[in-house]
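Notes for the one structure printed next.
The values are calculated or read from the model by the stated rules, or taken from the named source; none is laboratory data. Please read these numbers as outputs of a predicted model, since none were measured by experiment. Heads up, the Cβs are rebuilt from the backbone with ideal geometry, glycines too, and the neighbour counts pull from every protein chain shown.
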Amino acid sequence: MSCKRTTLAAVLAALPFSLLAAEPTLTPVVVTASKEQAPPLATTVDAAGVQALRAATSDTASLLRDVPGVSLYGAGGVSSLPSIHGLADDRLRIKVDGMDLIASCPNHMNPALSYLDPSNVGSLRVYAGITPVSVGGDSIGGTIVADTPAPTFAAPGQGSLFKGEAGAFYRSNGNVKGANLSATYATESFSMTYSGATAESDNYDAGGDFKNYGFTGRSGHTLPRDEVGSTAYETRNHTLGFAFKGGNHLVEAKLGYQDLPYQLYPNQRMDMLDNEQKRLNLRYLGQFDWGMFEARAYREEVDHFMDFGDDKRYWYGGGGVRGSRGVRHGQPAAPRACRCTAKARPPAPRSRPAST
Ligand SMILES: [Cu+2]
């Protein structure tokens, strides 16, 4: 090895000094390409897409069933829980008209999207994974942004505008029926919209018998062998919105009310027999030379009642020993009720109301 190094040194020493000092000149190489389009950050289900999907469901979360990365945890008939890449529930930020609505019970029977009827959805956006700062926070799995239709105003010179929409549906499996109505009166600077929807379902039927018994646990109450117990629901949603527009300024006020008499849960040892929600949502949006400014204040009040519906009410156990509530094991028990109340106002996303 030492012999080779000596040889190389000798060759370098023999080269003229001027050759070693000369700088190599390279021809510039110019690479050109068109600017690559950034992949869309959000997947959007717009009003037209919602219209095509809503015929089959009264559950707004299930409108996301075709969005890549989204799956659904089945629960009550209008309360399935969306999951993004396996992360669901508190790992997702779900905004309805800019509000971080929260479920008021540990079973998450009344998730945010259950307050929005499919007929009142303007758009749904899903940020799966990486989320912009503007809709981020509490969004490990992603963010779902649901908006009702934007307020409409009369065109300049049109004077006033009145429009409305009414719909009704019937689905034979489960004897599901419902209706929706919306009406808007607007001038060039003022807009008022009412939208209401109701949906009601009995238990739905499976494709065939899936059990070899008919008892339900409630004394004297049986179900056909192909009927999926505890899948019935009834829900009513109302929204009244006011909007004022002047130049580049928009002020909105929305009042919401949900009256949900019952929603039964085939996957839980409890049913939601009454859920009442009242909400007030105020928004200001201004367009300025330097950019856009948006402010929002809202308040949500939930009265949530959990109990057992007709298809449950069964005391586990057996064999002649009385349970802690004085009921013989194996016998039907009196209902165990729980009334939860929750009040939320911004900043709400990180807080969970006390329940039970
Ligand atoms: Cu509950």
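Residues in the stretch 120-147 that are under 13 Å from the mean Cα position of the chain (by Cα), of a type in the set (Ser, Thr, Tyr) and either within 16 Å of the ligand (Cβ to nearest atom) or part of a loop (DSSP other than H, G, I, E, B) (or both): how many?
Matching residues across the stretch 120-147 total 1.
Pairs please, first residue from the stretch 225-245 and under 24 Å from ARG269 (Cα atoms), second anywhere and among the aromatic types (Phe, Trp, Tyr) and in a strand (DSSP E or B), Cβ atoms under 8 Å, 6+ apart in sequence or on different chains.
Cβ pairs passing all conditions: ALA232/TYR262; TYR233/TYR262; GLU234/TYR262.
As an exercise: evaluate THR148 against (1) surrounded by fewer than 24 Cβ atoms within 10 Å (Cβ to Cβ); (2) touching a strand residue (DSSP E or B) at 6+ places or on another chain (Cβ under 6 Å); (3) closer than 30 Å to GLY164 by Cβ and give the number of the one condition it does not meet.
THR148 satisfies all of (1) surrounded by fewer than 24 Cβ atoms within 10 Å (Cβ to Cβ); (2) touching a strand residue (DSSP E or B) at 6+ places or on another chain (Cβ under 6 Å); (3) closer than 30 Å to GLY164 by Cβ except (2).
Report those strands (runs of 3 or more DSSP E) wholly inside the stretch 241-331 carrying at least 3 residues which are closer than 22 Å to VAL228 by Cα, at pLDDT 90 or above and within 16 Å of the ligand (Cβ to nearest atom).
The strands (runs of 3 or more DSSP E) meeting that bar are 249-263, 271-288.
Mind counting the residues in the stretch 72-114 that are surrounded by fewer than 22 Cβ atoms within 10 Å (Cβ to Cβ), among the hydroxyl-bearing types (Ser, Thr, Tyr) and farther than 13 Å from ILE144 by Cβ?
Number satisfying all stated conditions: 1.
Here are some residues: GLY178, GLY217. Which one is in a strand (DSSP E or B), touching a residue at least 60 places away in the same chain (Cβ under 8 Å), surrounded by 15 or more Cβ atoms within 10 Å (Cβ to Cβ) and not charged (D, E, K, R)?
GLY178
Pick out, from the stretch 1-98, the strands (runs of 3 or more DSSP E) lying fully within it that include 1 or more residues that are modelled with pLDDT under 75, under 15 Å from the mean Cα position of the chain (by Cα) and among the hydrophobic types (A, V, I, L, M, F, W, C).
none
What pairs come out if I take residues in the stretch 95-119 that are within 13 Å of the ligand (Cβ to nearest atom) and pair them with residues that are assigned to a loop (DSSP other than H, G, I, E, B) and among the charged types (D, E, K, R) whose C-beta lies under 7 Å away, six or more apart or interchain?
ILE102/ARG352
Just to be sure I understand the filter: pairs with C-beta atoms under 7 Å, separated by 6 or more residues or on different chains, first member in the stretch 285-305 and closer than 20 Å to PRO151 by Cα, second member modelled with pLDDT under 95 and of a type in the set (Lys, Arg). Which pairs pass?
Filtered contacts from the stretch 285-305: TYR298/ARG345.
Could you list, ordered by first residue, the pairs with Cβ atoms under 6 Å in which the first is in the stretch 122-133 and under 11 Å from VAL70 (Cβ atoms) and the second is at pLDDT 90 or above and part of a loop (DSSP other than H, G, I, E, B), at least 6 apart or interchain?
Close Cβ pairs satisfying both conditions: VAL126/VAL67; ALA128/GLY69.
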